[in-house]
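The values are calculated or read from the model by the stated rules, or taken from the named source; none is laboratory data. Keep in mind it's a predicted model, so treat the numbers as computed, not measured. All Cβ positions, glycine included, derive from the backbone under ideal geometry; neighbour counts span all protein chains shown.
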């Protein structure tokens, strides 16, 4: 399976625990590369088949996949 780059948005209500949300996303398969705590975003990549597991993480509101050119 191929890896895709993703941006994971964390709910405003969960922004106080963004590092815990990041840990849960890593456990779900995210290869975490950056945390933008001030805007509530996690950056990284996942295997395409793992995307539903990211959506299921508590505190995650959006998983945006980088589009290919």
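Here are the numbers for this structure:
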{"quantity": "Among (1) at pLDDT below 95; (2) part of a helix (DSSP H, G or I), the one test that residue 68 misses", "calculated": "(2)"}
{"quantity": "Hits in region 10-28 - residues which are surrounded by fewer than 16 Cβ atoms within 10 Å (Cβ to Cβ) and in contact with a strand residue (DSSP E or B) (Cβ under 8 Å, 6 or more places away or on another chain)", "calculated": "11, 19, 26"}
{"quantity": "Residues (surrounded by fewer than 16 Cβ atoms within 10 Å (Cβ to Cβ) and either free of Cβ contacts under 8 Å to residues at least 24 places away in the same chain or in contact with a helix residue (DSSP H, G or I) (Cβ under 9 Å, 6 or more places away or on another chain) (or both)) located in region 33-58", "calculated": "33, 34, 36, 37, 38, 39, 52, 55, 58"}
{"quantity": "Selection status of residue 4, under 9 Å from the mean Cα position of the chain (by Cα), surrounded by 14 or more Cβ atoms within 10 Å (Cβ to Cβ) and part of a strand (DSSP E or B)", "calculated": "no"}
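For every residue, the table says whether it meets (1) within 13 Å of residue 4 (Cβ to Cβ); (2) assigned to a loop (DSSP other than H, G, I, E, B); (3) more than 10 Å from the chain's Cα centre (by Cα).
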site	(1), (2), (3)
22	no, no, no
35	no, no, no
39	no, yes, yes
43	yes, no, no
54	yes, no, no
63	yes, no, no
